[in-house]
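The values are calculated or read from the model by the stated rules, or taken from the named source; none is laboratory data. Predicted model only: the values in this text are computed from it and were never measured. When we count neighbours, we look across all protein chains shown, and the Cβ atoms used for this are built from the backbone with ideal geometry, even at glycine. Ligands, DNA and RNA are excluded from the accessible area calculation, which covers all protein heavy atoms including side chains. Shrake-Rupley method; radii C 1.70, N 1.55, O 1.52, S 1.80 Å.
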Amino acid sequence: MERIVAWHFTDPGCPWAYSSRPAIARLRWRFGDQLDWRLVLIGLSESAARYEELGYTPARMASGWRKFQERFGMPFGRGVKPRMGATTRACRAIIAAREESPELGYAALRALQLMQFTTTDLLDDDEALRRALEDVHGLDAAAVVGRIDDPEIVAIYEADKARARSAEGRPTHVQNRHSEAGGPVRYTAPSVVFEDDERWLEVGGFQPFESYDTALANLDPSLERRPAPERAADAVLAYPVGLTTAEVASIMRRSDLQDADLPAAEQELIAAVADGELVCTPAGSDALWRPATAVAAEPDALGAAA
């Protein structure tokens, strides 16, 4: 089976990319292995000075994140970071993990997004990166962080940045879902470009699930579309890396006309924890839900029951 390539432009420091995780989770559930996901790290900032010049402060950032939490349901922390932080080193760490396998790249992205948005740790602090990446099963966190300044990783990072800054004249640019901050016209997170051997379709910037779904229906109507699972626990069991409540609730939507029901999903998830099927690890205002078997298989794994 020929898979459709999904170029996923993102950055661990972008709250829009983080808040798109419920839609992306539902997309990955619905189409499964028919999509070949490929991360492209944007590299939003090489230094904290860029944010400071724009008037951003840790307090302003923390206040703004409350709106994302209320609107989209992903977990956010209540703390205020000690200073602004650049995303370059975190992007390179994710690339180093991605070089080991695409799955580890996505797991590293999740770990660093959770660190960024639910803790006061900084994306340009190597020790903080190492601590966060230690939660990724199968990844040598120290080795990954140790490769951040490796010339090979830096070169791949620069190639990612160049691809991300190639949006001029493309649909994302035409729709004004691009950015020109810091140079050439670039894709904003979380743009996705779907591509087969003959055609491509763009879904630029932050979009609802239906935009991705419509693009794929037009690109390849023959794709199989998996329905929502019967149980919330089934969604988590399919993704040992873990899902937040908002992601599970998105996957559980029975219809595109039905909104995600976070309270109902959480109730089911708590029951699955009580039955020993899942493990709940607190994360900011919410939690990360994981299969109990996956957690038990990890050395020195810690899980807090709900």
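Determine which member of the set Glu277, Glu210, Glu298 is out of contact with any Cys (no Cβ under 8 Å at 6 or more places or on another chain), closer than 23 Å to Met115 by Cβ and among the acidic types (Asp, Glu). Steps first, answer last, please.
Numbers: Glu277 fails: closer than 23 Å to Met115 by Cβ; Glu210 fails: closer than 23 Å to Met115 by Cβ.
Just one listed residue meets the conditions, Glu298.
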Are any of the residues in region 156-168 open to solvent by less than 10 Å² (accessible area, probe 1.4 Å), over 24 Å from Val241 (Cα atoms), out of contact with any Lys or Arg (no Cβ under 6 Å at 6 or more places or on another chain) and not hydrophobic (A, V, I, L, M, F, W, C)? no
Close pairs from region 78-96: first part of a helix (DSSP H, G or I), partner open to solvent by 30 Å² or more (accessible area, probe 1.4 Å), Cβ under 6 Å, at least 6 apart: Thr88/Glu46; Arg89/Asp124; Ile95/Ile156; Ala96/Arg147
Given the options Arg38, Arg71, name the one that is surrounded by fewer than 21 Cβ atoms within 10 Å (Cβ to Cβ), touching a residue at least 24 places away in the same chain (Cβ under 8 Å) and assigned to a helix (DSSP H, G or I). Arg71
Among the residues of region 41-63, write down those that are part of a helix (DSSP H, G or I) and under 30 Å from Tyr212 (Cα atoms). Met61, Ala62, Ser63
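Against the condition open to solvent by 40 Å² or more (accessible area, probe 1.4 Å), of a type in the set (Ser, Thr, Tyr) and either in contact with a Pro (Cβ under 6 Å, 6 or more places away or on another chain) or modelled with pLDDT under 95 (or both), how does Ser250 come out, does it pass?
On the way: open to solvent by 40 Å² or more (accessible area, probe 1.4 Å): no; of a type in the set (Ser, Thr, Tyr): yes; either in contact with a Pro (Cβ under 6 Å, 6 or more places away or on another chain) or modelled with pLDDT under 95 (or both): yes.
Judged against the criteria, Ser250 is not a match.
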For region 115-132, state whether one or more residues are of a type in the set (Asp, Glu), assigned to a helix (DSSP H, G or I) and under 17 Å from His8 (Cα atoms). no
